[in-house]
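Below is one structure, written out as structure tokens; the observations come after it.
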Amino acid sequence: MTDTAAGQTDAGPLADREWRLITEEARGGPAQMAFDEVAAETAAAGGPRTVRLYRWAPSCLSLGRHQAPETVDWDACRAAGVDVTRRPTGGGGIYHDSYGDISYSVIAPADELPGDLMESYHLLCAPVVAALRALGADADYVASERPSIHQPACYLRGLNPAHDVVSDGGDGGKLAGNAQHRQSEAVVQHGSISFAVDAEAHLDCFAAPETTPETFRDRVTGLAELTDADRETAVETLQETLAGWAGDASEGDWTDAELDRAAELVEAKYAHDDWVRADPRELRE
């Protein structure tokens, strides 16, 4: 966790392993999901574990793995220049605003992580919660479950103490949602952190949303509302905290082989209608 007085971050339980930090990269949504998969393949093959921050450019709607494509307003997304991809993780759709969203991933071999889902979530999310607190937000896991408002939208689904981080010490608005993709050899945990909330743009991505922007803003809050930090400071703090948790992970980059593999995955999967617009019942690992 982060000691805000000392400005230092305690190393996490996996800090003695080989990690790399990929600092915030702006890429399209299909590429961002492809790089998560590539990092998992690298970790499973004995390469470095990865902590990374990333920015969605252009803004993107990422669908949950089991989300029906008819819940999306495809015409509205196209008109607004919003990209659409599908995550390998569950949950509903998330509108990742290119400015208002800060996303992260932590990728490590599966056999190094707890089998208990909540324990694993909290282990990997610890540096994110620490960074939010260091920025001045009273962030914590939601104190108790809350009911769903609009199931197709991930930020309006029921809140769960395992993976939903909110303000006001666990009783406020949702700040960050987190999800895991657990494979036999590697685990990807990624999350979306709200810096600034655009409720109208978020809801416009969905076909006939069963709620209003006012209700959305009651459920979801952003760092810009809670702290004086600008986006650059928020990103730097998150990167420093993730790197410290990973044992002062050195800044790294993708190898040429990883770049080639990500390009393959974008074309064959994450930008392809067979994945993005698929009937979820037909999707296979």
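The values are calculated or read from the model by the stated rules, or taken from the named source; none is laboratory data. Just so we're clear, the structure is a prediction, and the values are computed from it rather than from any experiment. Please note: Cβ atoms are built from the backbone with ideal geometry, for glycine as well, and neighbour counts cover all protein chains shown.
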Please verify whether the range 103-112 includes one or more residues that are free of Cβ contacts under 8 Å to residues at least 40 places away in the same chain and not acidic (Asp, Glu). no
Based on what the data block shows, is His190 in a helix (DSSP H, G or I), within 24 Å of Gly93 (Cβ to Cβ), within 16 Å of the chain's Cα centre (by Cα) and of a type outside the set (S, T, N, Q)? no
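Residue-by-condition table, conditions (1) without any contact (Cβ under 8 Å) to a residue 24 or more places away in the chain; (2) out of contact with any Lys or Arg (no Cβ under 9 Å at 6 or more places or on another chain); (3) assigned to a helix (DSSP H, G or I); (4) buried (at least 18 other Cβ atoms within 10 Å of the Cβ):
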position	(1), (2), (3), (4)
Thr215	no, yes, yes, no
Ala243	no, yes, yes, yes
Asp253	no, no, no, no
Ala257	yes, yes, yes, no
Asp260	yes, yes, yes, no
Glu267	yes, yes, yes, no
Trp275	no, no, yes, yes
Arg281	yes, yes, yes, no
Looking only at the range 240-285, filter to residues that are aliphatic (A, V, I, L, M) and under 30 Å from Ala130 (Cα atoms); which one of those is farthest from the chain's Cα centre (by Cα)? Ala249
Restricting to the range 149-169, name every residue that is farther than 21 Å from Pro280 by Cβ and of a type in the set (Gly, Ala, Ser). Ala162, Ser167, Gly169
If I ask for residues that are closer than 16 Å to Ala126 by Cα and aromatic (Phe, Trp, Tyr), which ones from the range 231-254 would you list? Trp245
Can you work out which of the residues in the range 66-95 that are surrounded by fewer than 19 Cβ atoms within 10 Å (Cβ to Cβ) and either within 12 Å of Met33 (Cα to Cα) or among the aliphatic types (A, V, I, L, M) (or both) is modelled with the lowest pLDDT? Ala68
Only residues in the range 24-37 that are of a type in the set (S, T, N, Q) count as the first member; pair them with residues that are at pLDDT 95 or above and part of a helix (DSSP H, G or I), Cβ under 9 angstrom, at least 6 apart or cross-chain, and list the lot. Gln32/Tyr270
How many residues are in a strand (DSSP E or B) and farther than 25 Å from Ala137 by Cβ if we restrict to the range 170-187? 4
It is to be established whether one or more residues within the range 1-14 are in contact with a Cys (Cβ under 9 Å, 6 or more places away or on another chain) and either touching a residue at least 40 places away in the same chain (Cβ under 8 Å) or within 30 Å of Ala208 (Cβ to Cβ) (or both). no
Does Ala201 satisfy the condition of being closer than 20 Å to Thr71 by Cβ, over 11 Å from the mean Cα position of the chain (by Cα) and outside any strand (DSSP E or B)? yes
Just to be sure before I move on: is Glu18 closer than 22 Å to Ala224 by Cβ and among the charged types (D, E, K, R) in the structure I sent? no
